[in-house]
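Here is the structure we will look at.
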Amino acid sequence: MGTDPRAAGALLARARTLHLQTGNLLNWGRLRKKCPSTHSEELRDCIQKTLNEWSSQISPDLVREFPDVLECTVSHAVEKINPDEREEMKVSAKLFIVGSNSSSSTRNAVDMACSVLGVAQLDSVIIASPPIEDGVNLSLEHLQPYWEELENLVQSKKIVAIGTSDLDKTQLEQLYQWAQVKPNSNQVNLASCCVMPPDLTAFAKQFDIQLLTHNDPKELLSEASFQEALQESIPDIQAHEWVPLWLLRYSVIVKSRGIIKSKGYILQAKRRGS
């Protein structure tokens, strides 16, 4: 399709919201030329290639419409779960709050993941610790609004189980005692501790909380790195106007075989002042 190279810039100049989804990265084929060394590098690569692919296939109709919400995706990589195979799959997600102080981001992210994958419910959602100011320790108050929204999603059967990431024993205990829907897992970053802390292990065992490991950086996606990726892919835009609100990484695993059938990223960004 012969797309005007300025079309993407014109659309982004008028839109208020950007929804970016990579589709199943296992379907990318030619788009994945190298193996990224870190999660941050993989994510930035995915954002740029998704933007490049989308901007090369913009239809004239879309340019005439100038929609408020832009759906940016790699169309050939989109893959919904076959309803007949749903019971055989475990659909897990990890949610990273980036530039949003609104707990509604949690619901938006889960709703979008369900829509993208063609499912009514996610089996597990882990929330990464929300961003806080430098020098401030994460407290229960920081987590509460997001956890309440996750609890609502469990009660409305959009999620089966919810978990946390990088909480120490005191933080996990405070959340557990306060929460109506208890965390069923807590991820621990092995870069920060080579051995699971004994007090955390004992508490998790007592209350049947699964301790998992991860190697995500403290900040998987910063506002600056998102804007750089946007600017490199679509040079003729005011990238500094765009702020990423949240990022969700999902995986679909075949339960009986433990193999990954699908994985990808979904992201929402907003234009400042819109």
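Tally up the residues in segment 103-121 that are more than 13 Å from the chain's Cα centre (by Cα) and modelled with pLDDT of 95 or more, please. Break it down stepwise before answering.
Residues of segment 103-121 more than 13 Å from the chain's Cα centre (by Cα): 103-104, 115, 117-121.
Now drop any that are not modelled with pLDDT of 95 or more, which leaves 115, 117-121.
Residues meeting the conditions: 6.
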If a residue must be touching a Leu at 6+ places or on another chain (Cβ under 6 Å) and of a type outside the set (A, V, I, L, M), how many such residues does segment 115-154 contain? 1
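Could you list all residues from segment 70-120 that are of a type in the set (K, R) and either open to solvent by 30 Å² or more (accessible area, probe 1.4 Å) or in a helix (DSSP H, G or I) (or both)?
In the first step, residues of segment 70-120 are kept if they are of a type in the set (K, R); the result is 80, 86, 90, 94, 107.
Correct list: K80, R86, K90, R107.
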The conditions are (1) among the charged types (D, E, K, R); (2) at pLDDT 95 or above; (3) at negative phi, and K218 fails exactly one of them. Which is it? (2)
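For the condition in contact with a Lys or Arg (Cβ under 8 Å, 6 or more places away or on another chain), charged (D, E, K, R) and more than 30 Å from N186 (Cβ to Cβ), what is the one hit in D68, D84, D123? First the steps, then the outcome.
Details: D84 fails: in contact with a Lys or Arg (Cβ under 8 Å, 6 or more places away or on another chain); D123 fails: more than 30 Å from N186 (Cβ to Cβ).
Exactly one residue qualifies, and that residue is D68.
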Cβ-Cβ under 7 Å pairs, at least 6 apart or on other chains, segment 262-274 side open to solvent by 10 Å² or more (accessible area, probe 1.4 Å), far side aromatic (F, W, Y): K263/Y250; Q268/W246; R271/W242
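Considering segment 236-253 alone, what residues qualify as being in contact (Cβ under 8 Å) with a residue 60 or more places away in the chain, surrounded by 14 or more Cβ atoms within 10 Å (Cβ to Cβ) and farther than 15 Å from C46 by Cβ? Walk me through it before giving the result.
Of all residues in segment 236-253, those in contact (Cβ under 8 Å) with a residue 60 or more places away in the chain come to 236-238, 242-253.
Restricting the remaining residues to those that are surrounded by 14 or more Cβ atoms within 10 Å (Cβ to Cβ) gives 237-238, 242-253.
Once the filter is applied, which keeps residues that are in contact (Cβ under 8 Å) with a residue 60 or more places away in the chain, surrounded by 14 or more Cβ atoms within 10 Å (Cβ to Cβ) and farther than 15 Å from C46 by Cβ, segment 236-253 yields I237, Q238, W242, V243, L245, W246, V252, I253.
In this structure, does V181 turn out to be over 17 Å from T22 (Cβ atoms), open to solvent by 60 Å² or more (accessible area, probe 1.4 Å), over 17 Å from the mean Cα position of the chain (by Cα) and among the aliphatic types (A, V, I, L, M)? Walk me through it before giving the result.
Numbers: over 17 Å from T22 (Cβ atoms): yes; open to solvent by 60 Å² or more (accessible area, probe 1.4 Å): no; over 17 Å from the mean Cα position of the chain (by Cα): yes; among the aliphatic types (A, V, I, L, M): yes.
No.
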Here are the criteria: (1) of a type in the set (D, E, K, R); (2) touching a residue at least 24 places away in the same chain (Cβ under 8 Å); (3) in a helix (DSSP H, G or I). Tell me which single one K182 does not satisfy. (3)
Exclusive hit being hydrophobic (A, V, I, L, M, F, W, C) and part of a helix (DSSP H, G or I), set L230, L221, L247: L230
Considering only residues that are open to solvent by less than 20 Å² (accessible area, probe 1.4 Å) and part of a helix (DSSP H, G or I), look in segment 161-178 and name the one that is nearest to E148 (Cα to Cα). L175
State yes or no: is L200 in contact (Cβ under 8 Å) with a residue 24 or more places away in the chain, outside any helix (DSSP H, G or I) and crowded, with 17+ Cβ neighbours inside 10 Å? no
Give segment 185-197 a look and list any residue that's in contact with a Leu (Cβ under 7 Å, 6 or more places away or on another chain) and in a loop (DSSP other than H, G, I, E, B), or say none. M196
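The values are calculated or read from the model by the stated rules, or taken from the named source; none is laboratory data. Not measured: the values here are computed from a predicted model. So basically every Cβ, Gly included, is an ideal-geometry build from the backbone, and we count neighbours across all protein chains shown. Areas reflect the complete protein model, heavy atoms only, side chains present, ligands, DNA and RNA absent. Shrake-Rupley method; radii C 1.70, N 1.55, O 1.52, S 1.80 Å.
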